Each structure stands twice: as structure tokens, then as C-alpha cells.
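Here's the structure, in C-alpha cells; my notes come after.
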Amino acid sequence: MDNSLIRCKRVTKEDYEKVMAIIPPSEIYNGGDYLPDYFHMLIDMPNNEMYAAVIGDKFVGFTLKTTIDNGRNVVTRAVRVSKKYAGKGIAGIMSEWMDIGGPLYRPEVIWHKFTANRTHSPLLQLTDRGIHMKTSEQDFVFYDTDKTTLQIKYNVIKKKNQSLKAEYIDVNMLGQVLASTDHKQYLFPEDEIVADYVPYMAITSNAPLIVSKRTAVVVSDFDCPQRTILSISNFYQAPIGMIFVFNVYGCLSDNIKEHLIFHFAKFLCRSMSEYIVLRGISSKGTHWTFLDNAVAEFGFNRTASYGKGVVSARRKIINKL
């Protein structure tokens with residue numbers, strides 16, 4: 001199609017309905033789309049910018065740009081293109097806006113980063129062909145339950161587990177974990193931490209970006225790097241129900257149950273739908289037995305959902321002139 005017909009427009013809060021109309025959220029990620037619930041939180045964050053591909057006065061594409069890693073890298077995420085223009089290169093055009101000569105080019109940005117579902121995205125194929133450089137890969141596991149069951153099970157488990165070794169940590173402590181050379185080899189061997197689908201470098205300055213108002217961070221066995229577990233949770237209301245995203249770094253053990261007690265304590269204070277999906281995310285090849293056993297105590301059952309994992313990749317900003 002004629003690329004000159006497509007304009008790049010900065011999205012504002014007033015454009016919410018136009019963005020949601022590009023493609024029904026219920027048709028994205030099998031109803032697990034985060035953008036409807038996250039939109040206003042994300043647009044208020046200073047390192048996020050939203051843009052639309054516009055033809056005439058109609059939004060035909062959308063992309064979220066997140067600046068990370070001391071301003072040197074930008075992540076593209078939440079991309080969507082209307083069905084009418086699917087397969088016409090709109091997503092590629094929006095990606096190229098970051099390149100030299102593009103409307104979003106910034107000379108200080110070195111790498112353009114991406115995360116995508118390993119099963120349903122061409123990103124893994126692009127890394128195999130050398131067009132993008134793969135930086136990390138993680139596995140998914142899915143469980144579901146209902147809020148009433150989770151609340152009842154949580155109350156019983158909490159009463160039986162009054163003395164816990166795991167603990168919440170704040171942004172400053174998270175920064176120390178990211179900077180710790182003793183812990184990095186066990187928690188972040190690829191020097192990357194993917195949280196809420198953003199592939200951050202494991203550096204202190206990213207800690208305030210990782211922790212949003214919906215984030216909980218828990219650590220256990222910090223004094224023993226080989227046994228340390230770091231877990232990060234976020235949540236959002238999707239068309240299919242409430243999605244609880246649970247990222248785990250380190251080797252899973254029995255301690256993961258204590259982590260869940262802390263995370264659910266904050267999660268259950270929130271307003272949510274009755275149906276809940278828990279998405280566990282950890283390094284590729286993770287054995288899920290400890291998490292399977294722990295979540296079963298809270299009333300969760302294994303289920304199938306969208307995809308089997310996430311791949312992170314990057315490419316250098318290039319000159320398209």
C-alpha cells in the first residue's frame with residue numbers, strides 16, 4: 001500500500017475509544033488483552049508514549065513505545081492493526097518509525113526491543129533468520145480458579161503460615177538485587193529481567209520502571225544467592241477475566257508458596273471479576289512441579305491459554321534513508 005497515506009499520531013487519553021476500536025480486545029490474546037485496563041496507567045508513566053497509524057481520520061494501527069535502560073533502548077509492545085489493513089505492512093511501518101529518518105527517531109536510542117508470544121508471533125522466526133537478535137526466552141504455565149475459592153483458600157493458608165521467610169521488597173532493594181553480581185548469575189544469567197512483558201537490562205536504574213502501582217515484588221533466601229527466588233506480580237482485568245501475571249526468577253522450590261501468600265495478600269484487596277487466570281512465567285525449561293503444588297493449595301487448576309512462552313529480541317536502530 002502507499003505508505004504516504006499513513007500518518008503517525010501521538011495518542012492521548014481522549015483517543016481511548018479510537019484505540020479500542022482498531023480491533024475488539026476480546027479478539028486479542030484469546031480475550032487476555034491488557035491494554036483496555038492498562039491504557040490510562042501506561043499513558044501516565046513518563047517513559048511510555050503511544051502512537052497510532054492513521055489513514056484519513058481513522059486509527060488503523062497502534063503501538064506503545066517504552067523507554068528503558070537509561071534511555072538507550074525502546075521497547076515496542078501492544079501492537080495491533082485493524083482487520084481491514086491486516087497483512088498490508090502496517091506493523092512494520094510502525095516499527096520503522098524508530099529508525100533514522102523516521103518520525104520517532106531519537107539519536108540516543110541504540111536498540112529497538114521487542115517481546116512477543118513464542119507461539120503466535122513471527123518474532124522467533126525473525127531471530128532465526130538473523131533479522132533480530134534473541135536476548136532471552138521464557139516459558140508460560142496457566143492456571144485458573146474463581147475469586148471466592150481463592151479467598152477462602154488464602155485465608156486458611158495464611159492462618160497456618162504465620163512465620164514466613166519471604167518478604168516484600170521496595171524499589172531500592174530491587175535496585176540492589178539487580179546490581180548484585182552475586183545474584184545476577186542465578187537470577188538473570190542473560191543480564192535481562194522481563195517484567196510485565198518489558199525486557200529490561202538487569203541494572204539499578206530500571207527498578208523504578210519495573211515497579212508500577214500494581215506491582216508486588218517478593219524475595220526469599222537473599223543471603224544465599226544460589227537459593228534466592230525473586231518474584232514479581234502484576235494484574236489486569238481482561239475481557240475473559242482477571243489476569244494475574246507471576247514472573248519468577250531463580251530456581252523454583254517449596255518457598256514459592258510463601259511468595260504466593262504475599263502476592264495474593266495485595267492482589268485480593270483489588271476489585272476484580274470472579275474468574276481468575278494465573279500466568280506463571282519463568283526461564284525456558286523450568287520444571288513447574290513446585291508451582292503446580294503451591295497453586296493447587298490455593299484452588300488453582302492447570303488450564304490452556306494463549307501461547308507457551310515469550311521471546312525477547314532486539315535490533316539496532318538503522319538508517320532507512
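The values are calculated or read from the model by the stated rules, or taken from the named source; none is laboratory data. Model, not experiment: these values are computed from the prediction. No Cβ is skipped: glycine too gets one built from the backbone with ideal geometry, and neighbour counts run over all protein chains shown. For the accessible areas, the whole protein counts, side chains as well, though only heavy atoms, and no ligand, DNA or RNA atoms are used. Shrake-Rupley method; radii C 1.70, N 1.55, O 1.52, S 1.80 Å.
If you go through the range 39-60 and keep only what is under 20 Å from residue 113 (Cα atoms), touching a residue at least 40 places away in the same chain (Cβ under 8 Å) and open to solvent by less than 10 Å² (accessible area, probe 1.4 Å), you end up with 50, 52, 53.
Annotation note: Cβ proximity below 7 Å between a residue of the range 95-106 that is under 13 Å from residue 316 (Cβ atoms) and a residue that is in a loop (DSSP other than H, G, I, E, B) and among the hydroxyl-bearing types (Ser, Thr, Tyr) (sequence gap 6+ or interchain) occurs for 98/105; 99/105. Flag: residue 67 does not match the condition of being part of a strand (DSSP E or B) and crowded, with 20+ Cβ neighbours inside 10 Å. Taken over the range 221-237, the residue count meeting the criterion of being open to solvent by less than 10 Å² (accessible area, probe 1.4 Å) and within 17 Å of the chain's Cα centre (by Cα) is 6.
Taking residues in the range 127-138 that are free of Cβ contacts under 8 Å to residues at least 12 places away in the same chain, and partners anywhere that are open to solvent by 20 Å² or more (accessible area, probe 1.4 Å), the pairs with Cβ atoms closer than 9 Å and at least 6 places apart or on different chains are 128/134. Looking only at residues in the range 154-179 that are in a loop (DSSP other than H, G, I, E, B) and open to solvent by 20 Å² or more (accessible area, probe 1.4 Å), which one is nearest to residue 209 (Cα to Cα)? Residue satisfying both the conditions and the ranking: 170.
Scanning the range 207-220 for residues that are in contact (Cβ under 8 Å) with a residue 24 or more places away in the chain and either crowded, with 17+ Cβ neighbours inside 10 Å or of a type outside the set (D, E, K, R) (or both) gives 207, 208, 209, 210, 211, 212, 214, 216, 217, 218, 219, 220. Looking only at the range 85-94, residues that are surrounded by 18 or more Cβ atoms within 10 Å (Cβ to Cβ) and among the small types (Gly, Ala, Ser) come to 1 in all. Out of the residues in the range 289-315 meeting the condition of being open to solvent by less than 30 Å² (accessible area, probe 1.4 Å) and of a type in the set (A, V, I, L, M, F, W, C), tell me which one is farthest from residue 260 (Cα to Cα). Across the range 289-315, the extreme among qualifying residues is 313. Would you check if there is a residue in the range 132-144 being open to solvent by 50 Å² or more (accessible area, probe 1.4 Å), not aromatic (Phe, Trp, Tyr) and not in a loop (DSSP other than H, G, I, E, B)? Yes, there is a match, as at least one residue in the range 132-144 is open to solvent by 50 Å² or more (accessible area, probe 1.4 Å), not aromatic (Phe, Trp, Tyr) and not in a loop (DSSP other than H, G, I, E, B). Taking the condition of being hydrophobic (A, V, I, L, M, F, W, C), closer than 21 Å to residue 195 by Cα and open to solvent by 60 Å² or more (accessible area, probe 1.4 Å), how many residues in the range 111-131 meet it? Total satisfying the criteria: 0.
Taking the range 129-151 as the range and being in contact with a helix residue (DSSP H, G or I) (Cβ under 6 Å, 6 or more places away or on another chain) and farther than 16 Å from residue 277 by Cβ as the test, the residues that pass are 132, 134.
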